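Heads up: the structure comes next, in structure tokens.
Here, each number is a calculation from the coordinates, and none is a lab measurement. Keep in mind that what you see is a predicted model, and the values were worked out from it rather than measured. Glycine gets a Cβ as well: all are built from the backbone with ideal geometry, and neighbour counts include every protein chain shown.
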Amino acid sequence: MQQHIDIWNEIKSQLSVNYDEQSYQEALESIDSVFKVKNQYVYLIVENDFVKKRIELLYLKKMNSMLEHIMGETYAYKLITKDEAEKELADVKPYEVSVPEEGFGKNNYKANLNPSYTFSNFVVGTSNRLAYTSAMKVADQPGIVANPLYIFGDVGLGKTHLMQCVGNYILEDDINARVLYVKADHFVEEYVRLASKKRFDEFQDHYRDVDVLLVDDIQFLAKKEKSQIEFFKLFEMLHSNQKQIVITSDRGAKDLKDIMSRLTSRFLWGVSVDINRPDLDHRIKILEKKLMAETSDKNLIPNNVLEYIASAFDNNVRELEGALKRVLFYCTAFNYEFTTKNAEIALESLVKPKENHKDFVKQKINNILSLVSDYYHIATSELVGKKRTRNFLYPRQIAIFLIKKQFDLPYKRIGSYFSNRDHSTVMHSVEKIAGEVETDPNVKKDVDKLLIKCGEN
């Protein structure tokens, strides 16, 4: 047992260097007791539930990685409060070392998870707070709180990160949990491949023998009828056995197209949460967190430089993080100071085309609004306004469809040109007109004429 106490003291010493003094003192410094070692879990005693939860969220992943590196085999820390330890003392001897359960640490189930996607490095703001809280609750009580958990939003906003946080958290708590992450298009490809070889049992066994199923970009099941049927059967089986299901998509479940209704209705059984684009303050926090992951000096880049980057890149998190890496590389490679001017130079080739493109798109959109207004003999203010009578609603839907077709902008951004209409309203307009173009000659005639005019302007 002394070995585990010595190892913990060694790890504590390393943690005191890795984290700032206040964080270390508040969460980790007071832990000086190993309660027991059981089934290759090392139980540490902490003050209370608050400290326990904080360590689990922020530090446990790092602690377990360091422990496994030192031990050279699968070991993991678990936390127990003083009160919980006292309750166990009547039945369990302190410092008990037990024989590992058969199969412990031999979970060969390929989870496909990125270990860096954890709750501790997911930056929370107003745009994703509900989604984050819901994911935390699901991770803490899989199969019970919200099943399925359905997360939706535009590209690059953290849906995949948050989904994988759930899987990594569950594996931290139970190293033998069977967690599987899969992209929906890969699910389809695997089904087609194995079905063509009549190896249905192999396919079913792979997906049904899980405790947690994480499916990314479910919209790619659209028009794949046989794969949808197989996924429906899988969903029913897992859900009935209280196995946790987490799904992501670029749109809400009720807005999915070409997916059978009995399947989309299942997606609404649990909890649906959306992630929106982060505001400026949130983007700065994301950059600060990313900077800490890239360098140990949290003050390396001044706040005004981070604010410039956050202001210039407001579309999605991936773009934002890429800009930060570019500034870091540029200034480090040439030994330049981290100033706003140098950041502008580093990002010039990205920012200028971006700004020029934005101006170009804005002008073109204004042209489309004018063309549609003239075509239907209404004022542009009425076209983009809130009145929903037929003489305004139909032209508005046409304009929205044309903008989406011409520029493929995010639905939320298109909505900003129409009195800040929401994501689902814009999506409905696009899909409605797209359907009518195929079935109504008059609508097709209008759209074709306006497309020609758009090309002329």
### Query
By its C-alpha gyration tensor, with a ≥ b ≥ c as the square roots of the eigenvalues, how is the chain shaped: rounded for a/c under 1.5, else prolate for a/b larger than b/c, else oblate?
oblate
### Local electrostatic count at D6 - Lys and Arg +1, Asp and Glu -1, tallied over other residues with Cβ under 13 Å
-1
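Is the shape of the range 363-457 rounded, prolate or oblate, going by the alpha carbon gyration tensor and its root eigenvalues a ≥ b ≥ c, with a/c under 1.5 for rounded and a/b larger than b/c for prolate? Kindly include the intermediate steps, with their values, before the conclusion.
Values: a/c = 1.21, a/b = 1.13, b/c = 1.07.
It comes out rounded by the Cα gyration axes.
Would you please name the chymotrypsin sites (Phe, Trp or Tyr not before Pro) within the range 375-457 that are DSSP coil residues with at most 11 other C-beta atoms within 10 Å of their C-beta? Please report the intermediate quantities before stating the final value.
Working: sites: Y375, Y376, F392, F401, F407, Y411, Y417, F418; in loops: Y417, F418.
Passing sites in the range 375-457 do not exist.
Looking at the chain, do any whole DSSP H helices span at least 30 angstrom along their long axis by alpha carbon and average -1.0 or above on Kyte-Doolittle, and which? Mind dumping the intermediate values first?
On the way: long enough: 340-376 (50 Å, -0.57).
Both cut-offs are met by 340-376.
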#### Entry: Summed residue charge, Cβ within 12 Å of T332's Cβ, Lys/Arg positive, Asp/Glu negative
-1
### Task
Sum up the charges of everything whose Cβ sits under 12 Å from the Cβ of L280, counting Lys and Arg as +1 and Asp and Glu as -1, but leave L280 out.
-1
